[in-house]
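Peer 1: Let me give you the structure first, and then I'll get to my questions.
The values are calculated or read from the model by the stated rules, or taken from the named source; none is laboratory data. Small disclaimer: the values here were computed from a predicted structure and weren't measured. Note that we place each Cβ from the backbone using ideal geometry, even for glycine, and neighbour counts take in every protein chain shown. Areas reflect the complete protein model, heavy atoms only, side chains present, ligands, DNA and RNA absent. Shrake-Rupley method; radii C 1.70, N 1.55, O 1.52, S 1.80 Å.
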Amino acid sequence: MADPSSYRPKPGQIPDSPGVYKFRDEHRRVIYVGKAKSLRQRLASYFQDLSGLHPRTRTMVTTAASVEWTVVSTEVEALQLEYSWIKEFDPRFNVKYRDDKSYPYLAVTMNEEFPRVQVMRGQKKKGVRYFGPYGHAWAIRDTVDLLLRVFPVRTCSAGVFKNAARTGRPCLLGYIGKCSAPCVERVSPEEHRELAEEFCDFMAGRTGTYIRRLEARMTEAAEEMEYERAARLRDDIEALKKAMEKSAVVLADATDADLIALAEDELEAAVQIFHVRGGRVRGQRGWVTDKVEAVTTGDLVEHALQQLYGEETGDSVPKEVLVPALPELVEPVQEWLAERRGSNVSLRIPQRGDKKALMETVQRNALQALGLHKTKRASDLTTRSRALEEIAEALDLDSAPLRIECYDISHLQGDDVVASMVVFEDGLARKSEYRRFQIKGFEGQDDVRSMHEVITRRFRRYLAEKEKTGEWADGENGLTEEDGRPKRFAYPPQLVVVDGGQPQVAAAKRALDELGIDDIAVCGLAKRLEEVWVPGEDDPVVLPRTSEGLYLLQRVRDEAHRFAITYQRAKRARRFRASPLDDVPGLGETRKQALIKHFGSVKKLRSATIDQICEVPGIGRKTAEAITVALAQAAPAAPAVNTATGEIMEDEEYATDATDAESETTAGSAGEPVSAGSSDERRGQER
């Protein structure tokens, strides 16, 4: 590990001008490339006190052994040189996006004498027109199959083409009219190239003019009583329209734009791009990257733009690029994009309307891509085994923690405080073992006290089950109910993970100590720097950034948070939709619904007499009197407002929602099993 002061440039050596710099290690390998508006100010920031640097930046400067720089005249040149050097040196500490799959493109080889339509992957080639990328190769083939009826362009390989030319017989597509058969000279090279150009124009979004032209030709053929030609043109038009329907219209003004969205956590980021041409989504792609340096969302956007457009020119760079956050220096990036396109490019954040709505869709895709990436890592048996071994080694456990339980507290500004317990066995989620808790020991917001209560309640139940079974004397039969299902809290974990730092870990450990449990390990995962805290230690355990153990702990923690916040929102929604009929003793769901159906609303029910209430089937006089008393005591609720439209909801709608909400299962004092579905969770004032 090098001391940064050993290679720090002398004062005055670094110029105060735009440029690009490189950090090299002791073997002269480039480990980081960066650009700066002022080299002097940027490089000085790396040579401050190490304790003030971001952990990843600190690792980089202590790994490096020298720094050098190149002065350029403009910030745009700095951007271009930075991109070139990252491509050339592949520095280990730079953000590098990697494709989360190899995306197929629809390619037209305009650089050949007889252009060919085909599916292509990998590096782009000069003289080839690309459309996409597409999610699946079969989607390209379906589209091409429809378009070949109208644009019979060659799709065969070079070998098939040469063989057909040698024998004088076209392939099957030539016989059925889906290829113009240039191999046997049915069309000239010029005519075939014109067909390929029309195919490219249609794929590029210029569809309206061509369809109108075919419709005019169809009408003309019908007027001349050439009905077979008119029918063929009609079928061609239908094929084109069907091909167009495969790309959904998302922007009504026929906009050409790329939309870029990001989903990130402390260690990784996923980027998703929707390519919109002519108002339609023509392609989608995505990348995942390790965050090996301290970067902001704007920095990630800038790196994504470099990756996306670094090799592109002309129309491949759209007129408009929509992003979730702007780079720190917007003007140079915008100028760089304009140079690659050859005309102005708008780089901005969508604020309203269809573009903002579409951006939200792209954002959801990015979140799903990041979640899928983490799930794939966790699904591999070898990876899971290595993750459990790394956790055991880092926490100094006697064996791998085959059962891990994680706890999280969720509330909204101190209201509706709930907790979740998720279970992972052999590195995989065991959703049937999930539990949820209501915090009942006190009111208000206190995560530490809440964590102590939840751990106490869960393991008090564990001790009770353990006492019943007599130290597992009956083997597995002692751990199951009569119907064969496992008892709720019979199985102890080898590791308890809490969402939080030292205070939450200390509370969980104290709860276990008070119960006399000393054979269950405890740790906490803090969100800010993904540090692992263990009881009684002043410093956290820092797992390597690429550690599979850290990935598993993250996934456990994130699942606990998702499960807790889902329950907290449902609980809050039920409270908001509470009905005065809920307080009537002995009044079940069926009779509530019968009352609302008979009177139409709670307001009308409140004004009804006891005799009128008794007219409802199943309602006796005693129950009617109880309903009257409950409605009289309950103050009329404020009208519910539909936040989307601003309309005041009617009482009957409100009451029906209230009765429906009551049919949901609520958690008992010690928690109970529920099914855990996936959903997008937001972090705001909710915890």
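Peer 1: When all protein chains stay in place, what accessible area (Å², nearest 10, 1.4 Å probe) is found for HIS27?
Peer 2: Counting only protein heavy atoms, HIS27 exposes about 120 Å² to solvent.
Peer 1: In addition: Taking the full set of protein chains and a 1.4 angstrom probe, give the accessible area of ARG28 in square angstrom, rounded to the nearest 10.
Peer 2: 130 Å²
Peer 1: Please list, ordered by chain and number, the residues whose modelled amide H lies under 5 Å from the amide H of SER346; skip anything fewer than 5 residues away on the same chain.
Peer 2: Residues meeting the criterion, in which the H sits 1.01 Å from N, are GLU320, VAL321.
Peer 1: Sticking with this structure for a sec: How would you classify the stretch 488-567 from its alpha-carbon gyration tensor, with a ≥ b ≥ c the square roots of the eigenvalues: rounded for a/c under 1.5, else prolate if a/b is greater than b/c, otherwise oblate?
Peer 2: Here the stretch 488-567 falls in the oblate category.
Peer 1: Something else about it: Sorted by packing (mean other beta-carbon atoms within 10 Å per residue), highest first, where do 228-236, 181-189, 491-499 land?
Peer 2: Working: 228-236: 15.2, 181-189: 16.8, 491-499: 22.8.
Descending packing order for the listed peptides: 491-499, 181-189, 228-236.
Peer 1: Mind scanning LYS35/LYS291; LYS374/LYS440; LYS571/LYS597 and naming the pairs with a C-alpha gap bigger than 28 Å?
Peer 2: On the way: LYS35/LYS291 18 Å; LYS374/LYS440 35 Å; LYS571/LYS597 26 Å.
In this structure, LYS374/LYS440 exceed 28 Å between Cα atoms.
Peer 1: Using each residue's phi in the stretch 28-36, evaluate 6.51 cos²θ - 1.76 cosθ + 1.60 at θ = phi - 60° and report the 3J(HN,Hα) Karplus result to the nearest Hz, with x for Gly and Pro.
Peer 2: For the stretch 28-36, the Karplus curve yields 6, 7, 6, 10, 7, 10, x, 10, 7 Hz.
Peer 1: Amide H of GLY19 versus every other amide H placed in the peptide plane: which residues, excluding those fewer than 5 positions away on the same chain, fall under 5 Å?
Peer 2: It is ALA36, LEU39, VAL72, by chain and number.
Peer 1: Counting only Cα atoms, I'd like the Rg/Rh figure for the stretch 279-366, Kirkwood definition for Rh. Could the numbers behind the result be given before it?
Peer 2: Values: Rg = 13.2 Å, Rh = 14.0 Å.
With Rh from the inverse mean 1/r over Cα pairs, Rg/Rh is 0.94.
Peer 1: Give me the Debye-computed log₁₀ of I(q)/I(0) at q = 0.11, 0.17, 0.18, 0.22 Å⁻¹ for the stretch 1-126, equal point scatterers on Cα only, no solvent, two decimals.
Peer 2: Log-scaled intensity ratios, in q order: -0.52, -0.89, -0.97, -1.30.
Peer 1: Right, something else. Amide H neighbours of GLU112 under 5 Å, at least 5 residues apart or on other chains, H built in the peptide plane: list them.
Peer 2: Here nothing satisfies the definition.
Peer 1: OK, next. Could you work out how far the C-alpha centroid of the stretch 1-67 sits from that of the stretch 158-173, in angstrom?
Peer 2: Between the Cα centres of the stretch 1-67 and the stretch 158-173 lies a distance of 62 Å.
Peer 1: Continuing with this model, one more query. Go through the stretch 140-147 residue by residue and turn each phi into a ³J(HN,Hα) via Karplus (6.51, -1.76, 1.60, θ = phi - 60°); whole Hz please, and just put x for glycine and proline.
Peer 2: 5, 5, 4, 5, 4, 4, 6, 6
Peer 1: Work out from phi, with θ = phi - 60° and the Karplus expression 6.51 cos²θ - 1.76 cosθ + 1.60, the ³J(HN,Hα) of each residue of the stretch 108-116, listed in order in whole Hz, and give x for Gly and Pro.
Peer 2: 10, 7, 6, 7, 9, 4, 10, x, 10
Peer 1: Looking at the stretch 512-557, I'd like the Rg to Rh ratio, where Rg is from alpha-carbon atoms and Rh is Kirkwood's inverse mean 1/r.
Peer 2: 1.03
Peer 1: Which of the peptides 621-630, 261-270 is most tightly packed, and how do the rest follow, going by the mean number of other Cβ atoms within 10 Å of each residue?
Peer 2: Working: 621-630: 16.6, 261-270: 20.3.
So the peptides 621-630, 261-270, ranked by packing, come out 261-270, 621-630.
Peer 1: Keeping every protein chain present and rolling a 1.4 Å probe, give me the accessible area per residue for the stretch 279-369 in Å².
Peer 2: Value for the stretch 279-369: 42 Å² per residue.
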